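Visitor: Take this structure, written in structure tokens, and hold onto it; I'll ask about it next.
The values are calculated or read from the model by the stated rules, or taken from the named source; none is laboratory data. Fair warning: this is a prediction, and the values are worked out from it, not measured in the lab. Methodologically, a virtual Cβ is constructed for each residue, glycine included, from the backbone with ideal geometry; neighbour enumeration extends over all protein chains shown. Heads up: the accessible areas ignore ligands, DNA and RNA and are worked out on the full protein's heavy atoms, side chains in. Shrake-Rupley method; radii C 1.70, N 1.55, O 1.52, S 1.80 Å.
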Amino acid sequence: MNCTLKRGPETSSTQKILDQVLQDLHSFGVDISDTRVVDHDVRPGVKTDEGDGDAWPALRRKVLDANILVLATPIWMGQPSSVAKRVLERMDAFLGEIDEQGRYPTFGRVAVVAVVGNEDGAHHVTAELYQALADVGFTIPGGSSAYWVGEAMGSVNYVDLEKTPPKVADTIRTLACNAAHLAGLLKAHPYPAP
């Protein structure tokens, strides 16, 4: 899920890093798709369906049909985008959907995070997102989130880079490898009932 504030098809640094994560996931045999959340009318709220044309139920179905969720966001004022926060708010409904065995509908699914920005905050944003995703039942693979932070208040964005910095590319590759591996393990050997 691309949580940029830019509507499609506007160029987006968040889309660039998301595309790189998805490309590496695909190289590990993962079928991929993505959506730019801001292009959908996701209503505020914490229910599965907020009615009146709410686009979240269809996006929610995509999340639950996937084995791996990639949540990509820019950094705004040291925070995840408001779009990313909206997605997390809507995932709050998972907390009320625990089955008779005590499992959320997201159990057995993997979540990873990708972050870009021209200000400090990648670790803070990652921590916020990973904590929320774990709270609603996703499993987080080992390794760092994929992130790039340019010069504070700089004019060069991630999308402007001609080449991906080697450390960023290595981190993306490792993250994709670990996510694909963990998703395969969880699919073959689901969490046991408590």
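Visitor: Label points 7 Å out from Cα along the Cβ direction at residue 124 and residue 26: separation in nm?
Guide: Label at residue 124, label at residue 26, 3.5 nm between them.
Visitor: Grab the beta carbon distance between residue 92 and residue 39, set R0 = 30 Å, and tell me the FRET efficiency rounded to 0.05. Display every interim value, and only then the final one.
Guide: On the way: r = 22 Å, r/R0 = 0.73.
Taking R0 as 30 Å, the efficiency between residue 92 and residue 39 is 0.85.
Visitor: What does the helix-only formula give at 222 nm for the chain: each DSSP H stretch with n ≥ 4 adding -39500 (n - 2.57), the total divided by the residues, and the result rounded to the nearest 500 deg cm²/dmol? Mind showing how you got there, number by number?
Guide: Details: 5 runs with 72 residues, N = 194.
Computed mean residue ellipticity for the chain: -12000 deg cm²/dmol.
Visitor: Among 167/187; 62/187; 6/167; 16/187, which pairs are too far apart, with a Cα-Cα distance over 23 Å? Write down the numbers at each step before the final one.
Guide: On the way: 167/187 30 Å; 62/187 17 Å; 6/167 26 Å; 16/187 28 Å.
Table pairs above 23 Å Cα-Cα are 167/187; 6/167; 16/187.
Visitor: Based on the mean of other beta carbon atoms within 10 Å per residue, what is the order of 21-28, 82-89, most packed first?
Guide: Numbers: 21-28: 17.8, 82-89: 19.8.
Averaged packing, sorted descending, gives the order 82-89, 21-28.
Visitor: Let me ask something else about it. Where only protein heavy atoms count, and the probe is 1.4 Å, what is the accessible area per residue for the chain in Å²? The partial results should precede the final answer.
Guide: Working: 9820 Å² over 194 residues.
Result: 51 Å² per residue.
Visitor: If each of residue 170 and residue 99 carries a label point 7 Å out from its Cα toward its Cβ, how far apart are those two points in nm?
Guide: Each label point is offset 7 Å from its Cα along the Cβ direction, giving 4.1 nm.
Visitor: Taking the Cα centre of the chain as origin and charging only Cβ (+1 Lys, Arg; -1 Asp, Glu), how large is the dipole, in debye to the nearest 20?
Guide: Working: 18 positive and 25 negative charges, 58 e Å.
About 280 debye.
Visitor: What is the percent carbon and sulfur in the accessible area of the chain, measuring with a 1.4 Å probe over the protein chains and ignoring ligands? Spell out each step's value before the answer.
Guide: Details: 5250 of 9820 Å².
About 54 percent, which is the carbon plus sulfur part of the accessible surface.
Visitor: Give the separation of the Cα centroids, region 104-126 to region 25-99, in Å.
Guide: With region 104-126 and region 25-99 each reduced to a Cα centre, they are spaced 12 Å.
Visitor: With a/c under 1.5 counting as rounded, go ahead and sort the chain into rounded, prolate or oblate using the C-alpha gyration tensor (a ≥ b ≥ c being the square roots of the eigenvalues; past the cut-off, prolate if a/b is larger than b/c, else oblate).
Guide: Values: a/c = 1.84, a/b = 1.28, b/c = 1.43.
Oblate.
Visitor: Starting from one equal scatterer on each C-alpha and no solvent at all, send me the Debye-based log10 I(q)/I(0) for region 89-194 at q = 0.23, 0.25 Å⁻¹, two decimals.
Guide: -1.22, -1.32
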